[in-house]
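Laboratory data are not the source of any read-out in this text; all were calculated from the coordinates shown. Keep in mind that what you see is a predicted model, and the values were worked out from it rather than measured. Note that each Cβ is placed from the backbone with ideal geometry, even for glycine, and that neighbours are counted across all protein chains shown.
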Amino acid sequence: MASSGNGSVSHVFGELFKMMTGVDLVHVPYRGGYVPDLLGGQTQMVIGTIASCIQLIHAGKLRALAVTTAARSAALPDVPAMGEYVPGYEASQWYGLAAPGNTPADIVSKLNSAINAGLADPKLITRLADLGVDPLSTTSADFGRLIAADTEKWAKVIRAANIKAEG
């Protein structure tokens, strides 16, 4: 199982898969790109991001077995969600915007409104969909709850897999 390094998203998502299935995969961390070795057969699988793999999937160079999100991806509608095979498996990578903790609430509200309005733009939605990215409009409070829940979830995986930071 290739990954982009110890503790990377691809590593931690793979460790969750191992924990939930009991499949014994050997983790092969890469400091550079793993794609040449994956394409060349030196490593057999990766749990990579749709954005990093979608062009290779469409070109027929990689075969997508499942997406790790809770539901199928609009970018790869014929590819099942991992949860269809492994009940309860869900692993999503997300990006978010944050402001310093002492930012006034009215400024946070204005930023949140502007960001959500931007994420509703049809051109942006189309461009993100082409990359396999599903925008999530949310409140700052809901985003905070997502961060807390994911921190707890992934901390358990990191502890169970004994993943250590590289120095």
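Using +1 at the Cβ of each Lys and Arg and -1 at the Cβ of each Asp and Glu in the chain, identify which of 162, 66, 19 lies farthest towards the dipole's positive end.
Farthest towards the positive end: 162.
Straight-line reach from residue 153: which lysines have a Cα under 29 Å away, not including same-chain ones fewer than 8 places off?
The qualifying lysines are 18, 164.
Using amide H atoms built 1.01 Å from N in the peptide plane, name the residues 5+ places from residue 28, or on other chains, whose amide H lies under 5 Å from its own.
2, 3
At q = 0.21 Å⁻¹, work out log10 I(q)/I(0) for region 40-167 with the Debye formula, treating every Cα as an identical point scatterer and leaving solvent out; two decimals please.
-1.32
Given a Förster radius of 22 Å and the C-beta distance between residue 159 and residue 8 as r, what FRET efficiency does 1/(1 + (r/R0)^6) yield to the nearest 0.05?
After rounding, the FRET efficiency stands at 0.85.
Just flag the chymotrypsin sites (Phe, Trp or Tyr not before Pro) in region 73-167 sitting in loop per DSSP whose Cβ has no more than 13 other Cβ atoms within 10 Å.
Within region 73-167, the qualifying chymotrypsin sites (Phe, Trp or Tyr not before Pro) (loop, at most 13 other Cβ atoms within 10 Å) are 85, 94, 95.
What is the gain in length, in nm to one decimal, between residue 131 and residue 94 on full extension, counting 0.36 nm per residue of separation less the C-alpha to C-alpha distance?
Roughly 12.0 nm would be gained on extension.
Residue 81's amide H: which non-local residues (gap 5+, or another chain) put their own amide H closer than 5 Å, with H modeled 1.01 Å from N in plane and none for Pro or chain starts?
Answer set, sorted by chain and number: 67, 72.
Want the number for residue 44 to residue 123: 0.36 nm per residue separation, take away the alpha-carbon distance, what's left?
The residue 44-residue 123 span can extend by a further 24.8 nm.
Which aspartates and glutamates have a Cα lying under 20 Å from the Cα of residue 156, excluding residues fewer than 8 positions away in the same chain?
Here the aspartates and glutamates satisfying the reach criterion relative to residue 156 are 15, 24, 90, 166.
Residue 110: which lysines have alpha carbons under 25 Å from its alpha carbon, excluding same-chain residues fewer than 8 sequence positions away?
Those lysines meeting the cut-off are 123.
Using 1/(1 + (r/R0)^6) with R0 = 22 angstrom and r between the beta carbons of residue 71 and residue 25, what's the FRET efficiency to the nearest 0.05?
My answer for the efficiency is 0.35.
Show that you can apply the helix-only estimate: for the chain, add -39,500 (n - 2.57) for every DSSP H stretch of four or more residues, divide by all residues, and state [θ] at 222 nm to the nearest 500.
For the chain, the value works out to -13500 deg cm²/dmol.
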